Amino acid sequence: MSIIVVGDIQAQNKEPHRSSCLKFLQWLLENFKDDTIIQGGDLFDRSSLPHNLINEILDILLQFKDFRIVSGNHEISDRLGNILKPLHHHKNLTIYTEKTEFEINGISFIALPSLLHNEKEEYEAIEGNWDYSLCHFTPIQEAFGNEGIELKFKVNISHLFAHIHRHREFIDNFGNKVLITGSVINYRYGEQEWEKNIYKINKEGYEKIKVPFYFTYQTIEFGQQPSDPNNIINIKNVPSWEALYKEYGKYCIRREGIEFVQTEDNLIFDRQEFEHSDLAKKFEIYAIDAGLQKNIEERCYYYIDKYKDQNLKEEV
């Protein structure tokens, strides 16, 4: 029996993310059904999702021999609590919602899920020694500002971080190996350029296993067809909104990736769209125009997500 570590999935109801997340979980089941799966958190995109989607995901998870989840920040809200909590009633599912030490096949772990509150103080004070840590928060090497957490305890093999969507490997300030697992699904534009892996881990280290891409972002000229109907498409030289939806209404269109043949009417409409779009959409337009570095763009999205989550909590 192997141990397989999986990064962020962030299942959501919006297509093509919805079907891609289900396809990924089905692929994982077909290849690693009898292994121990440790999913690093953000299995779900938010603490409230359509029940039919949760049910479809649960139908797949219940077929695994041993499936474990380290709770992520997207799964928690002050009003609704943790969307993962009901899953612990199933014998093959283990949910880590607080600091937990455990062992599998003689390999020692400490799980450090997202707590949203006071996690920096708690986690930076940890002392001890384990083979692996399983973390769902930002290490200081990926942080902008002071939200990063620096683990000071020793791991024999590696700290394993979910939460950050781009894969990376490095040595921390205490000589520990760090693996940022990266997400397995393209969550937003730009992530299609990042490698997607799961990891088979043991006492000696870990092995990367590439995962399938179920969609990508594709740029086409108006009149062309996408190479895959599941792709999210950017479209250049669009004559009008009416023509756009007549030609591409059945596809997933990235609204920020639409480039019109410019007329005065289109310019006015574009301005109105921008003024009424949400913050993430506005920033995506700005990031492309400004040519922001991807690591800076990713960190800005992190803060935007935190801002949106806080607003949602206040609203509910």
Among Lys196, Lys177, Lys200, the single one that is touching a residue at least 60 places away in the same chain (Cβ under 8 Å), among the charged types (D, E, K, R) and in contact with a Ser or Thr (Cβ under 8 Å, 6 or more places away or on another chain) is Lys200
Odd one out for Tyr301 among (1) modelled with pLDDT of 70 or more; (2) farther than 15 Å from Tyr189 by Cβ: (2)
When the stretch 224-241 is checked residue by residue, the ones that are of a type in the set (Ser, Thr, Tyr) and within 14 Å of Gln262 (Cβ to Cβ) are Ser240
In the list His88, His136, His74, which residue meets the criterion of being within 28 Å of Ser48 (Cα to Cα) and surrounded by fewer than 22 Cβ atoms within 10 Å (Cβ to Cβ)? His88
Of those in the stretch 193-231 that are of a type in the set (S, T, N, Q) and surrounded by fewer than 16 Cβ atoms within 10 Å (Cβ to Cβ), the residue nearest to Lys33 (Cα to Cα) is Asn202
From the options His88, His74, residue that is over 29 Å from Gly148 (Cβ atoms), modelled with pLDDT under 95 and in contact with a strand residue (DSSP E or B) (Cβ under 7 Å, 6 or more places away or on another chain): His88
Would the stretch 307-314 turn up any residue that is surrounded by fewer than 17 Cβ atoms within 10 Å (Cβ to Cβ), modelled with pLDDT of 65 or more and farther than 28 Å from Ser19 by Cα? no
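The values are calculated or read from the model by the stated rules, or taken from the named source; none is laboratory data. This structure is a prediction, so every number in the text was calculated from the model and none was measured. Backbone-built Cβ (ideal geometry, glycine too); neighbour counts: all protein chains shown.
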